[in-house]
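All remarks here apply to the structure that follows.
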Amino acid sequence: MSQTVLTALGAIAVLGFGAELLVRGAGTLAMRLGVSALAVGLTVVAFGTSAPEFVVSVRAAALGSTDLAVGNVVGSNVANIGLILGLGALIRPVAVHATVFRLDAPLLALLTVAVSILLVGPGIGRPAGAALTAALAAYSWATLKRTAIEPMRVREEFAEGVTTAQLSLIGSVVMTVIGLALLVVGAELLVGAAVRIAQVLGVGEAVVGLTVVAIGTSLPELATTIVAAARGQGDIMVGNIVGSNFFNLAGTLGVAAIVRPLSGRMLGGQDVGVMLVFAVVLVVASRSGAVISRAEGVLLIAGYLGYVVWLFVGGGVI
């Protein structure tokens, strides 16, 4: 068991490093091709920090561990809002000014409702997976188009907060490729370790996906949020979480379902219910000009920790 845990921790470290290289390489590449820092922050960075969730869930689906694939996405979306946004607010209360979030957060809530209905009902088949992937493409295009309406203070925040390595065009491509390769290696190791942990603990793969794997694959979002919170960059903090959660639901589950149809039958209705509740919380938190206070951060963290404890109590681990 100890060796399995060490393998899982090593895999998480590889995933985190790979995601960092991917974000820096792809971000530099995009900006060298003329994409604005605001657009990079809302798409490349937000989606790049969800790359570990993507490769882990797609790999798990390919291996037939669909419960792990679904649990990873649901757990990551809950962790991103409850744990990570809560920690960000605890570090420093921040205000949200970007106008795009007033539309994006409700869209994310609607997508969460749609995916939840599929998970507790017929599941996500290949046609639904293709539709989700198409929705991500449309969302990305619309986001890039709407960056022009943002006020100058938001553009300046992203210009300051979206850091990219000083690389040549070739260097950025190489860094991106290396990052992707590390993500694939890390995913292979983490999926295998997660399956073994579930077997040893005697719980379902969905529980391990909702907790251990979800937290591990959400570490890039955590790093981005901590830096943004310390700098008082609320738009980057919330934008990263909104974009990441949208990518998880539409991109990760979409592609995973194309690889192998997914079902949420091993998740309780309470799990998707918790995901829905936190999605609504994000809608409230992303109101233009709204301030996420430390007290609200404490409530978010307490809610998340209570959910995790309940999962393990229900699974008979504690």
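The values are calculated or read from the model by the stated rules, or taken from the named source; none is laboratory data. If you're wondering where the values come from, they're calculated on a predicted model, not measured in any experiment. When we count neighbours, we look across all protein chains shown, and the Cβ atoms used for this are built from the backbone with ideal geometry, even at glycine.
Some points to look at:
- LEU249 in contact with a strand residue (DSSP E or B) (Cβ under 8 Å, 6 or more places away or on another chain), in a helix (DSSP H, G or I) and at pLDDT 90 or above: no
- Test: residue in the stretch 224-232 that is outside any helix (DSSP H, G or I) and over 22 Å from ALA51 (Cβ atoms): yes
- The stretch 75-99, subset more than 13 Å from TYR304 (Cβ to Cβ) and among the β-branched types (Val, Ile, Thr), residue modelled with the highest pLDDT: ILE91
- The stretch 1-60 - residue that is assigned to a loop (DSSP other than H, G, I, E, B) and hydrophobic (A, V, I, L, M, F, W, C) and, of those, nearest to THR143 (Cα to Cα): VAL35
- Residue in the stretch 98-128 that is surrounded by the fewest Cβ atoms within 10 Å (Cβ to Cβ), counting only those that are part of a helix (DSSP H, G or I) and of a type in the set (S, T, N, Q): SER116
- The stretch 271-290, subset crowded, with 24+ Cβ neighbours inside 10 Å and farther than 20 Å from ILE117 by Cβ, residue modelled with the lowest pLDDT: SER286
- Consider the stretch 151-182 and keep the residues that are buried (at least 18 other Cβ atoms within 10 Å of the Cβ) and among the β-branched types (Val, Ile, Thr). The one that is modelled with the lowest pLDDT is THR164.
Conditions (1) small (Gly, Ala, Ser); (2) surrounded by fewer than 22 Cβ atoms within 10 Å (Cβ to Cβ); (3) without any contact (Cβ under 8 Å) to a residue 40 or more places away in the chain, marked per residue:
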residue	(1), (2), (3)
THR7	no, yes, no
LEU33	no, yes, yes
VAL40	no, no, no
GLU53	no, no, no
SER57	yes, no, no
ALA62	yes, yes, no
